[in-house]
Amino acid sequence: MNTPSTAQITSVDPNTAIDADLGTPPPASPSESNVTVQDGIPTENPIPAPSDKMITPTAASDQTTFQEDDLIGAAEGVFGKGAQGLGKLIEDILKKQGRPNGYIVGREGGGAFVVGLRYGSGTLNHKVEGQKPVYWTGPSIGFDAGANAGSTFVLVYNLYDSEDIYRRYPSGEGVAYLVGGFNASYLRRGDVVLIPIRVGAGLRLGANVGYMKFSKKQRWLPF
């Protein structure tokens, strides 16, 4: 009687067999996968690329010069709010000269008999260096006798070192402004330009300053 041989039984995973028949699937294309590998670590949330948009820095002129509204507000503090013609005068000056980096608010008085003297005092407001006291003297030439006093507002251009204000500034040529009850003259020393604005009370104020000499302390001699 023959004894049957022992059967050889091998366990087969049906899923593995089916996958083997199908072969190895091709790798997914980049467009079909949202998995990004960064530094060897797969992630489904790729880090967004930096924006191409650059933040526009504040213009240097905004940091070193005064805005029109600031100047009109300061001038109205000198001559009174809503002073007729003041805003238009400043607007006209800024269109032609640009924005200043300083201004002076103050008062001045003087007397004349054809030729006279003017004395003033006030505060220099510098956009970068802050405030400093200033005093000034200057000749006045006009067509009347007597004395007068009034407020003054001076636009200051190209004053990069506020110490440079303490000098003599001769009158410029060919530049004058007259709007409403205000007039403005033009003085210059080197690159620094001063435009004093005064109330146009009388002829003497319309044709007066030959120069303005600024100092740190009150001086009685104008020369």
Counted charge near GLY120, where neighbours are those whose Cβ lies closer than 12 Å (Asp, Glu -1; Lys, Arg +1):
+4
Within straight-line cross-link reach of LYS127, lysines at Cα separation under 26 Å, skipping those fewer than 8 residues along the same chain
LYS81, LYS88, LYS95, LYS96, LYS213, LYS216, LYS217
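Just so you know, all these numbers are worked out from the coordinates, no wet-lab data involved. Since the model is a prediction, treat every value here as computed from it, not as a measurement. Cβ sites come from the backbone with ideal geometry, for glycine too, and all protein chains shown count toward neighbours.
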